[in-house]
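These notes concern the structure reproduced below.
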Amino acid sequence: MGSLIPVEDKATWRDPKVAQAYQAGAIASDPTSASRNPPSFRAPSGAMADSFELASGRKLWDAGSITAHVLVIRSENDFWSRPEDVTTLVQDLRRAASVRTVTIPEATHYVHLDRPERGRSRLIAEVTRTLAQPATMKAVD
């Protein structure tokens, strides 16, 4: 996690207590974690397989059936999300009640863990703004 932060002093970007709590939560999520030394958690590799498929141009699901309001957020410095992924998704969201895209400047893939001024406040504000919208949907053709 730390190597994704673009400053030398990582604690200025993310409170070390937040990173520790996140790691502890991950370890606690796997009941077998204590059976390994050091304790570690198992994570499904499906996300890696999905990423490979997406990078190869294969769509894993059809966003065209979504009729709700949609908020697409990406962090500018996210290694996992490319600007072209957002463009493709927005094109596919042709039946959505609304689509709003937000790029959080200089934020990392782990923006939800970063300090408020490093993007977390913006992330929370954008999600809250979207959730405050009436839950209207477009009529299905």
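The values are calculated or read from the model by the stated rules, or taken from the named source; none is laboratory data. These numbers come from a predicted model, not from an experiment. Reconstructed Cβ throughout: ideal geometry from the backbone, glycine too, with neighbour counts over all protein chains shown. Quick note on the areas: whole protein, heavy atoms, side chains included, nothing else; ligands and nucleic acids left out. Shrake-Rupley method; radii C 1.70, N 1.55, O 1.52, S 1.80 Å.
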Note to self: What pairs come out if I take residues in segment 71-95 that are closer than 19 Å to residue 124 by Cα and open to solvent by less than 50 Å² (accessible area, probe 1.4 Å) and pair them with residues that are among the acidic types (Asp, Glu) and part of a strand (DSSP E or B) whose C-beta lies under 9 Å away, six or more apart or interchain?
What the structure shows: 75/106
Margin query: With among the aromatic types (Phe, Trp, Tyr), closer than 30 Å to residue 117 by Cβ and in a loop (DSSP other than H, G, I, E, B) as the only criterion, which of 80, 61 stands out?
Written below: 80
Check: Residues of segment 50-59 being of a type in the set (D, E, K, R) and exposed (fewer than 10 other Cβ atoms within 10 Å of the Cβ), which ones?
Finding: 58
Next item on the list: May I ask you to say which residue of 94, 118, 82 is more than 17 Å from the chain's Cα centre (by Cα) and among the charged types (D, E, K, R)?
Entry: 94
Notebook entry, point to check: Can you name the number of the only condition in (1) basic (Lys, Arg); (2) within 30 Å of residue 16 (Cα to Cα); (3) surrounded by fewer than 15 Cβ atoms within 10 Å (Cβ to Cβ) that residue 118 fails?
Noted result: (3)
Check: Would it be correct to say that residue 52 is in a helix (DSSP H, G or I), aromatic (Phe, Trp, Tyr) and modelled with pLDDT under 95?
Finding: yes
Check: Taking segment 1-49 on its own, how many of its residues are assigned to a helix (DSSP H, G or I) and either open to solvent by 70 Å² or more (accessible area, probe 1.4 Å) or among the polar types (S, T, N, Q) (or both)?
Finding: 12
Notebook entry, point to check: Are there any pairs, at least 6 apart or on different chains, whose C-beta atoms fall under 9 Å, with the first in segment 19-48 and closer than 24 Å to residue 114 by Cβ and the second at pLDDT below 90 and among the aliphatic types (A, V, I, L, M), and if so, which?
Noted result: 19/1; 22/1; 23/1; 26/43
